[in-house]
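The values are calculated or read from the model by the stated rules, or taken from the named source; none is laboratory data. As the structure is a prediction and not an experimental result, all values here were calculated from the model. Using ideal geometry, Cβ is built from the backbone for each residue, glycine included, and neighbour counts are taken over all protein chains shown. Side chains are part of the model used for accessible areas, which takes the heavy atoms of the whole protein and leaves out ligands, DNA and RNA. Shrake-Rupley method; radii C 1.70, N 1.55, O 1.52, S 1.80 Å.
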Amino acid sequence: MSPVSGRALRTAAVLLPAAVAAAHIGPAATWLPGVRLPLFPGLSGAGPRRHIALTFDDGPDPVSTPRFLDALDALGVRATFFVLGEQVVRHPALVRETERRGHELGVHGWSHDRPWWPAFARDADEVARTVRAVHDITGRRPLWYRPPYGILTTSRWLAARRAGLRTVLWSAWGRDWTADATAASVRARVAADLRGGGTVLLHDSDRHAAPGCWHAALAALPTVVRDCREAGLTVGPLRDHGPVPVSVPVSGRTVASAGAVGE
């Protein structure tokens with residue numbers, strides 16, 4: 001082997017894993033509001049200008065989720081709950097109760113892990129398992145997917161697409177997972193980014209956040225809904241939101257997908 005060929009092989013050995021990693025994690029740039037909101041409005045959950053989609057992540061949690069269900073009943077609001085498969089199979093009665101009260105269930109993955117390395121087969125299996133678990137318990141097939149931490153990778157995007165799910169993140173959040181979150185801070189943070197046609201992210205569980213932080217989201221919920229209504233906005237689940245189509249960047253390309261919001 002010539003010295004040139006040897007150097008080329010060594011260079012390829014370094015660059016190929018880097019290229020694979022970049023292709024895997026590249027779509028995660030959509031986590032940044034400055035990228036997602038202007039360039040991928042559908043992925044941000046953009047919908048009709050007079051409607052707000054209200055969503056919750058990380059449940060079901062038998063300690064906190066029933067409190068949110070009661071609060072939403074009192075407000076006359078229905079929402080979309082992005083659930084974790086491992087929690088779904090642990091608390092099937094709570095999943096059925098959430099659906100019985102008129103709420104929508106979306107897929108948040110099987111567990112709440114960070115996707116630092118490509119795992120196409122695992123991601124496809126875990127998303128599909130969660131879809132089956134929700135369907136087996138409720139008789140309804142979920143429509144939506146939101147990856148844990150909102151980190152969308154190529155393998156997770158493809159897993160959602162294969163499962164027939166539409167991927168949606170958010171346009172406003174309450175930062176309600178932090179230890180210093182309060183009802184006032186959650187309301188203010190949502191209000192800062194609240195626009196007609198937006199999708200709001202809150203959490204109905206503290207299993208993957210600061211202990212007890214769900215109390216802040218629960219306490220803020222009536223004022224968040226009131227702010228929407230005073231602005232002339234209706235509040236409901238994603239199924240009533242009708243987000244616009246979206247294209248997402250995958251492996252260095254921008255691809256329109258049936259797994260994207262609204263398609």
* Asked: Looking at (1) modelled with pLDDT of 95 or more; (2) in contact with a helix residue (DSSP H, G or I) (Cβ under 6 Å, 6 or more places away or on another chain); (3) of a type outside the set (D, E, K, R), can you tell me which one Ser44 breaks?
  -> (1)
* To do: Would you tally the residues in the range 49-71 being of a type outside the set (Ser, Thr, Tyr) and within 15 Å of Gly174 (Cβ to Cβ)?
  => 8
* In the range 196-229, what count of residues is obtained for those that are over 22 Å from His108 (Cα atoms) and open to solvent by 20 Å² or more (accessible area, probe 1.4 Å)? -> 7
* Give just the number: which of (1) assigned to a loop (DSSP other than H, G, I, E, B); (2) open to solvent by 30 Å² or more (accessible area, probe 1.4 Å) does Leu169 not satisfy? => (2)
* Kindly list the number of the only condition in (1) crowded, with 21+ Cβ neighbours inside 10 Å; (2) without any contact (Cβ under 8 Å) to a residue 24 or more places away in the chain that fails for Ala121. => (1)
* Asked: If you go through the range 69-97, how many residues are touching a Ser or Thr at 6+ places or on another chain (Cβ under 7 Å), open to solvent by less than 70 Å² (accessible area, probe 1.4 Å) and part of a helix (DSSP H, G or I)?
  -> 6
* Asked: Considering Arg156, Arg161, which residue is open to solvent by less than 30 Å² (accessible area, probe 1.4 Å), within 23 Å of Glu104 (Cα to Cα), among the basic types (Lys, Arg) and outside any loop (DSSP other than H, G, I, E, B)?
  -> Arg156
* To do: Identify the residue in the range 98-117 that is surrounded by fewer than 17 Cβ atoms within 10 Å (Cβ to Cβ) and assigned to a loop (DSSP other than H, G, I, E, B) and, among all such residues, is modelled with the lowest pLDDT.
  => Trp116
